[in-house]
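Taking it in order: structure first as structure tokens, then the write-up.
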Amino acid sequence: MKKISIIGNVTKDAEVRAFEGGRSVINFDVAVNERFKDRNGQKQERTSYIRCAMWREVTTIAQYITKGTKLYVEGSLLIQKHTLKLFKVGCLKERKMTKYC
């Protein structure tokens, strides 16, 4: 099992999509800042943007996933290959979240 935990800030309000059969999904992005020292000992900061999806209890929690909110989520990692323009192959990393706070 590929389990991950993420703490970061929501970059924009969550998007809720409904499907036939009553299933819904929330999609949102989380910005995670990483601080480190480079080879020269200089402090650096790097921000990663992580796409998240939640499939359960979406109607009850979507209202709390708003831009700027600090969020802890955990779940599994899903990596899908896709084709970019100019026929280059890349990866889409999406996290399927199962917990939040």
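The values are calculated or read from the model by the stated rules, or taken from the named source; none is laboratory data. Keep in mind that what you see is a predicted model, and the values were worked out from it rather than measured. FYI the Cβ positions are ideal-geometry reconstructions off the backbone, even for glycines, and counts take in every protein chain you see.
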*Any idea which of ARG39, ARG46 is in a loop (DSSP other than H, G, I, E, B) and either modelled with pLDDT of 85 or more or among the basic types (Lys, Arg) (or both)?*
ARG39
*What number of residues within segment 7-23 are under 17 Å from TRP55 (Cα atoms) and surrounded by 16 or more Cβ atoms within 10 Å (Cβ to Cβ)?*
2
*Residues that are among the polar types (S, T, N, Q) and modelled with pLDDT under 90, drawn from segment 4-26*: SER5, SER24
_For segment 1-38: of the residues being of a type outside the set (A, V, I, L, M, F, W, C) and touching a residue at least 40 places away in the same chain (Cβ under 8 Å), which is nearest to LEU78 (Cα to Cα)?_
LYS2
*Which one is farthest from LYS70 (Cα to Cα) among residues in segment 1-34 that are small (Gly, Ala, Ser) and assigned to a strand (DSSP E or B)?*
ALA18
*Looking for whichever is modelled with pLDDT of 90 or more and either surrounded by 10 or more Cβ atoms within 10 Å (Cβ to Cβ) or hydrophobic (A, V, I, L, M, F, W, C) (or both) here; the options are ALA31, ALA53, ALA62. Which one fits?*
ALA31
*If you check THR69 against the conditions, is it surrounded by 13 or more Cβ atoms within 10 Å (Cβ to Cβ), polar (S, T, N, Q) and either under 21 Å from VAL25 (Cα atoms) or modelled with pLDDT of 85 or more (or both)?*
yes
*asked:* Filter segment 39-55 down to the residues that are touching a residue at least 12 places away in the same chain (Cβ under 8 Å) and polar (S, T, N, Q) and list them by number.
replied: THR47, SER48
